[in-house]
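The values are calculated or read from the model by the stated rules, or taken from the named source; none is laboratory data. Just so you know, these numbers come straight off a predicted model, no measurement behind them. As a convention, Cβ positions derive from the backbone with ideal geometry for all residues, glycine included, and neighbour counts pool all protein chains shown. For accessibility, only protein heavy atoms count, side chains too; no ligands or nucleic acids. Shrake-Rupley method; radii C 1.70, N 1.55, O 1.52, S 1.80 Å.
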Amino acid sequence: MKPGKLTLPELAAMKARGDKIVMVTAYDAPGARLAEQAGIDILLVGDTAGMVVLGHEGTVPVTMDEMLFLTRTVARTAKRPLVVGDMPFGSYHVSDEDAVRNAIRFIKEADADVVKLEGAGPSLSRVRAIVSAGIGVMGHVGLTPQSETILGGFKTQGRTASKARQLLADALALEAAGCFAVVLEAVPVPVAARITDSLTVPTIGIGAGATCDGQVLVYHDLLGLTEGRAPRFVKRYANLAEEIRRALTVYAGEVRSGIYPAEEHTYAMPEDELELFSAEGVEHAHGER
Ligand code: KIV
């Protein structure tokens, strides 16, 4: 463990004290650096990279190699925040052995601190196996985007009493399996509140209301880099898409009109060297012409 890194016992203590845990996704070095400077506790290298960075419609196509590449850039940059490598679809679905092998790749090849995986049910034995290998696991229940097709799209989960009870049972089972925290995505507030009360480990909400022990948002969503209709839970704290588009449009206009580059953006050379340079003939690679 790197010196100064936020530890799992410190996270547990934050829940005990009632200090909110702040998590945001990160996919590259500038994002990780800015998030750390802003005092963010946890950086999730989420498989939402599929949508916000890699240009896919969902998270399912994201590969282990892509996740390792992104995680490595974040882990190289982040000093204090805990770096969570999100296990992509297919990396823990075949067997416990495969899940452990891929979790180890996140730790050894990408320098992640811990991993995250989705679901309960079959994922419980994966969690047990990975934790037994000495790797911390963050669980994720409610709307689990890797199961988007089975869930019938990106929809709120746990809206009936029986489904809410199932969510509570799943979260408790993840805690019993060894998860150090559980993400609750798109679940009604009373369900998230009951789960948060029932678990000894922290819950991190996304679309799960303010009673969770912490919150997570996708970097591109909260900064306004994604456009169009956003889920109800997204709050845009900036409109960077507009700002970036404006800057790029001005740049394109200035290049085309010759305003950029101006003198202050160019390099000079000593006068005497310039005179020599101007006086001498041009030597061609294939002799004088
Ligand atoms: O992949 C991701 O970014 C996530 C968060 C939305 C929780 O799983």
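A simple count of charges around ALA13, restricted to other residues whose Cβ falls under 14 Å of its Cβ and scoring Lys, Arg +1 and Asp, Glu -1, yields -1.
With angles folded into 0 to 90 degrees, how steeply does helix 189-198 sit against the dominant principal axis of the chain? Use alpha carbons for both and round to 10. Helix 189-198 sits roughly 70 degrees off the main axis of the chain. Each Cα pair of segment 8-242 feeds into the Kirkwood radius, which the Stokes-Einstein equation turns, at 10 °C and 1.306 mPa s, into a diffusion coefficient of 91 µm²/s. Using alpha carbon centroids, what distance separates segment 132-181 and segment 66-115, in Å? The two parts, judged by their Cα centres, are 19 Å apart.
How would you classify segment 89-165 from its alpha-carbon gyration tensor, with a ≥ b ≥ c the square roots of the eigenvalues: rounded for a/c under 1.5, else prolate if a/b is greater than b/c, otherwise oblate? Prolate, because a/c is 1.5 or more and a/b exceeds b/c. Note on the chain: Lys pairs 8 or more places apart or on different chains, Cα atoms under 26 Å apart, count 26. Across the chain, where is the longest run that never hits GluC sites (Glu not before Pro) in a DSSP loop with at most 12 other C-beta atoms within 10 Å? Free of exposed loop sites, the longest segment is 58-226. Solvent-accessible surface (1.4 Å probe) assigned to PHE233 amounts to roughly 70 Å².
The residues of the chain expose, per residue, 54 Å² of accessible area to a 1.4 Å probe. Computed over segment 211-257, the percent of Cα pairs more than 13 Å apart is 63.
Here the dipole of the chain is about 2060 debye; that uses its Cα centre as origin and unit charges on the Cβ of Lys and Arg (positive) and Asp and Glu (negative). So if R0 is 45 Å, what FRET efficiency would ALA247 and ARG159 give, r being the distance between their Cβ atoms, rounded to the nearest 0.05? Efficiency at R0 = 45 Å is approximately 0.60. Ligands, DNA and RNA left out, the 1.4 Å accessible surface of segment 8-242 is 56% carbon and sulfur atoms. Cα extents for segment 35-132 along the principal axes, largest to smallest and rounded to whole angstrom: 38, 32, 22.
Summarising the amide proton neighbourhood of ILE21: residues at separation of 5 or more, or on other chains, whose placed amide H is nearer than 5 Å comprise GLY214, GLN215. Dividing the Cα radius of gyration by the Kirkwood radius, what Rg/Rh value follows for segment 141-186? Checking Rg against Rh, the ratio lands at 0.98. Taking the helices alone, the chain has a mean residue ellipticity at 222 nm of -12500 deg cm²/dmol, built from -39,500 (n - 2.57) per DSSP H run of at least 4 residues and averaged over all its residues. Name the residue farthest towards the positive end of the dipole of the chain from the options GLY55, ALA171, THR266, assuming +1 on Cβ of Lys and Arg, -1 on Cβ of Asp and Glu, about the Cα centre. Towards the positive end, the residue furthest out is ALA171.
The shape of segment 160-251 can be summarised by an equivalent ellipsoid whose semi-axes, obtained from the alpha carbon gyration tensor, come to 35, 13, 9 Å from longest to shortest. Simple rule: put +1 on each Lys or Arg Cβ and -1 on each Asp or Glu Cβ in segment 8-242, find the dipole, and look at LEU11, LEU44, ALA32; the Cα lying farthest toward the positive end is LEU11.
Computed extension gain for GLU254 through ALA133, at 0.36 nm per residue and net of the alpha carbon distance, reaches 37.9 nm.
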